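The values are calculated or read from the model by the stated rules, or taken from the named source; none is laboratory data. In this text, all values refer to a predicted model and were calculated from it rather than measured experimentally. All Cβ positions, even for glycine, are placed from backbone atoms using ideal geometry, and neighbour counts span all protein chains on display. For the accessible areas, the whole protein counts, side chains as well, though only heavy atoms, and no ligand, DNA or RNA atoms are used. Shrake-Rupley method; radii C 1.70, N 1.55, O 1.52, S 1.80 Å.
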Amino acid sequence: LTNPVQLKDEGNKHFQAGEIDKAIECYTKAIKFSKDKKALAVIYRNRSACFLKKENYNNAVSDATKAIDVDAADIKALYRRCQALEKLGKLDMAFKDVQRCATLEPKNKTFLETLRRLGAEIQQKLKTTFSTDSRVQNMFDILFADESDKEKQEKAANNLIVLAREDAGAERIFQNNGVPLLVQLIDTGKPDMILAAIRTLSGMCTGHRARVRNRQLSEGLKKILKVCGQVPDLPDQLPLTENTQLIASVLLNKVYDDLRCDPERDNFRDICDEYIKSKFDPNDMDKNIHAINTLSGLLQGPFDVGNVLAGRQGVMEMMVALCGSEREVDQLVAVEALIHASTKTSKASFFISNGVTLLKDMYKKTKNEKIKIRALVGLCKLGSAGGDDYSMRQFAEGSTEKLAKQCRKWLCNPTLDVRTRKWAVEGLAYLTNDADVKDDFIDDEAAMRAMFELTKSKDKTILYAVACTLVNCTNSYDKKEIIPEMVQLAKFSKQHVPEQHPKDKKDFIVRRVKKILKAGVTSALTVMVKADNYVLTDQTKEMLARVFLALADDIKDRGTIVAQGGGKALIPLALEGTDNGKIKASHALAKIAAVSNPEIAFPGERIYEVVRPLVSLLNTERDGLENFEALLGLTNLAALNDKLRVKILKEKALPEIENYMFEEHDQIRQAATECMCNLVCCKEVWMEILTKFIYFNRFKTDTWKMILVPNLIDSTIMFYHLQTEQWLEIIQRLCIHDNPEIQHRGLVTVFNMLDADEQLAKKLIECELLEILTFVAKLEDNPKKQDAINAARACLSRALDGGLIKPNDG
């Protein structure tokens with residue numbers, strides 16, 4: 001087709017059918033062949049509508065503008081441009097367009113409402129902007145004033161950090177030349193100012209890609225890299241706190257994560273690469289170790305970037321060369337970089353081939369405890385390069401146990417500073433991939449308690465290493481499913497087949513979990529969960545969730561976990577973090593909620609926070625055990641009060657619970673049924689169910705009849721006013737059911753209905769139900785049916801007392 005009119009009409013048909021991409025294609029072709037300006041304006045206007053549907057707002061604005069250029073009074077094009085501009089955050093321009101629309105059609109309610117709403121939003125934005133601008137400027141004035149007292153400066157710095165975490169505040173800091181000012185703060189060399197500046201930058205970058213992409217941050221990135229590369233033992237270095245460089249690494253990681261496309265990430269990597277290259281100088285060893293220390297910072301932050309740069313020609317060779325240097329500061333920096341770089345197997349293999357001897361010499365010969373412990377951790381990491389694969393041991397039999405023994409010795413030495421003991425935990429985090437090391441560590445209760453005690457220290461950077469060690473000891477990491485046929489195939493094709501360590505079997509794992517619990521791990525975990533987010537990363541949260549799930553596996557241990565605050569600690573882990581971490585934490589919560597008194601396990605308002613994690617497990621993607629234990633937990637919660645039942649209803653759990661009531665697995669079906677029985681005691685729940693199941697005629701199975709009707713004893717009048725005869729048929733069928741328990745429930749329901757409403761009671765007695773009651777009541781006493789017989793007799797007695805029947809009617 002080359003006729004623009006036909007193409008436009010074809011595009012209109014596709015648009016009306018919801019085929020937006022095809023509509024855009026037709027309109028684009030029509031534009032190519034159209035010569036008439038007015039016809040062209042209509043096509044542009046139509047394509048603008050398509051781009052609005054596709055949420056391509058820039059193109060929508062562009063096409064609408066082309067239509068308006070032809071006809072300034074094109075009201076459809078004006079309103080479409082207004083909608084797109086609003087989505088782009090350009091409220092003032094959107095306001096002008098809708099104002100023009102309202103002038104052209106002053107009685108159009110849509111235009112008037114949009115005009116009012118945009119006006120209010122603009123006023124609010126201006127109010128926020130002016131008030132925030134003055135606050136930002138005031139804070140920077142205090143921070144840069146020479147005569148400001150320290151207390152005022154600390155308060156201003158903290159306020160700036162808080163403001164940076166708010167969307168409006170972060171934007172105003174950025175727009176008010178905030179990045180260069182923060183860089184100036186870093187250049188002051190004052191530790192408090194550097195820390196405040198880095199935390200402020202971190203808040204500004206989190207979740208705001210537009211600010212991260214701005215060119216001003218290129219210079220800021222170099223400043224952050226400069227902080228990462230500082231070596232405190234060298235002259236003329238910035239004064240830093242113990243955690244400043246770690247925070248800088250976290251900031252680099254956040255900036256990198258917020259980049260939205262490959263070109264931006266490539267630019268980030270190129271800036272880092274250029275910075276590190278510029279520091280390498282064969283004639284200046286201080287610049288070389290600054291470059292290597294910067295690389296360490298990247299490896300602790302955006303690891304992918306650091307890993308690529310570590311693979312550059314000569315970089316790993318430089319690390320090995322520095323390990324052999326006579327200067328202790330060179331050795332210290334090189335060993336740390338080696339530890340961070342050898343995460344990937346390829347890098348670890350290089351260091352095993354070229355650096356192990358050097359590390360051993362450093363460990364044996366140096367008198368500097370800082371170097372000794374780092375050399376040991378380097379050996380630990382290289383020794384664990386094979387992971388938990390028993391066949392991939394890097395060192396000779398018994399070597400890893402010796403390394404671990406020395407780590408435990410340092411860990412238990414209270415005379416060593418926290419930082420040194422932290423490195424000992426780092427070593428154990430690597431070595432506990434070996435099951436022999438796990439068993440030795442678990443048997444050393446003093447070492448375990450020393451590690452748990454370290455989690456309470458001010459230096460929270462230890463948490464990741466502690467979490468790694470616990471995950472290894474409990475075997476709560478992901479394990480590949482071993483398929484015998486695939487193993488045989490791999491052996492036949494001479495492929496490597498991982499081997500399980502004999503001490504990684506179930507009974508050894510259970511023994512280790514029991515010992516860890518006895519040593520007080522739950523208390524340590526609750527302390528770790530409370531750490532600041534910049535230290536307690538999502539990956540660390542996931543590992544803690546894995547450990548909790550392993551600890552809660554045995555029903556006998558769940559009371560201990562609750563008693564030590566584990567139930568409360570699990571809630572934030574189930575609500576925040578990685579998807580996998582939230583699932584693990586939710587499952588651990590379900591295990592506890594299924595067998596504990598929820599009011600004790602989750603005291604106060606916390607109990608209501610447990611509902612959402614449990615409901616998240618009612619999903620076909622979760623396994624049967626997760627479904628089952630979540631249903632048990634919800635059953636316990638639903639038994640407590642209406643507020644919890646309503647909370648479960650609001651979390652949209654009802655349809656999922658209903659689905660599981662028809663599950664093939666008996667235990668899951670029973671758990672769902674019990675949960676529903678508890679839920680229907682609440683008015684809001686049974687109103688929801690009645691609307692769905694009576695009006696839409698969905699009482700199709702005895703399961704629902706058995707559950708709903710007997711439990712809705714407080715809603716019997718509701719049945720009557722629904723003006724349907726179906727409820728009466730259900731009641732009668734329940735009262736003659738073959739199952740004595742169901743029959744008993746039906747007869748109890750009749751008793752309550754007779755007692756609830758006089759008109760309803762008359763309706764019951766006037767139908768065939770009286771004959772059923774009489775028949776059941778006259779049955780001979782029978783232990784299997786006695787409850788039902790007694791209930792029928794009680795119903796007749798109630799009807800007699802109410803004057804509904806006479807003595808000779810029975």
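Quick notes
- Residue list for the stretch 685-714, filter: open to solvent by 90 Å² or more (accessible area, probe 1.4 Å) and at pLDDT 50 or above: Glu688
- Taking residues in the stretch 255-269 that are within 12 Å of Val308 (Cβ to Cβ) and at pLDDT 80 or above, and partners anywhere that are part of a helix (DSSP H, G or I) and open to solvent by 20 Å² or more (accessible area, probe 1.4 Å), the pairs with Cβ atoms closer than 6 Å and at least 6 places apart or on different chains are Phe268/Tyr256.
- Of all residue pairs spaced 6 or more apart or on separate chains, those with beta-carbon atoms under 7 Å, a first member in the stretch 176-187 that is in a helix (DSSP H, G or I) and modelled with pLDDT of 80 or more and a second member that is among the aromatic types (Phe, Trp, Tyr) and open to solvent by less than 30 Å² (accessible area, probe 1.4 Å) are Leu181/Phe140.
- Residue in the stretch 244-254 that is assigned to a helix (DSSP H, G or I), of a type outside the set (Val, Ile, Thr), free of Cβ contacts under 8 Å to residues at least 40 places away in the same chain and surrounded by fewer than 23 Cβ atoms within 10 Å (Cβ to Cβ) present: no
- Subset tally (residues that are surrounded by 15 or more Cβ atoms within 10 Å (Cβ to Cβ) and either more than 20 Å from Asp666 (Cα to Cα) or of a type in the set (Val, Ile, Thr) (or both)) for the stretch 592-605: 7
- Just so you know, in the stretch 215-233 the residues that are open to solvent by 70 Å² or more (accessible area, probe 1.4 Å) and either part of a loop (DSSP other than H, G, I, E, B) or closer than 14 Å to Gly297 by Cβ (or both) include one that is modelled with the highest pLDDT, and it is Lys226.
- In the condition set (1) of a type outside the set (Ser, Thr, Tyr); (2) in contact with an Asp or Glu (Cβ under 9 Å, 6 or more places away or on another chain); (3) open to solvent by less than 30 Å² (accessible area, probe 1.4 Å), Leu295 is compliant with all but (2).
- A single member of Thr620, Thr526 is out of contact with any Leu (no Cβ under 6 Å at 6 or more places or on another chain), in a loop (DSSP other than H, G, I, E, B), of a type in the set (S, T, N, Q) and open to solvent by 10 Å² or more (accessible area, probe 1.4 Å), and it is Thr620.
- Considered as a group, the residues in the stretch 715-754 that are modelled with pLDDT under 50 and aromatic (Phe, Trp, Tyr) include one that is least open to solvent (accessible area, probe 1.4 Å), and that residue is Phe719.
- Restricting attention to the stretch 325-335, the residues that are open to solvent by 50 Å² or more (accessible area, probe 1.4 Å) and either touching a helix residue (DSSP H, G or I) at 6+ places or on another chain (Cβ under 8 Å) or aromatic (Phe, Trp, Tyr) (or both) add up to 2.
- From the list Pro613, Pro572, the lone residue that is open to solvent by 10 Å² or more (accessible area, probe 1.4 Å), closer than 27 Å to Lys514 by Cβ and at pLDDT 90 or above is Pro572.
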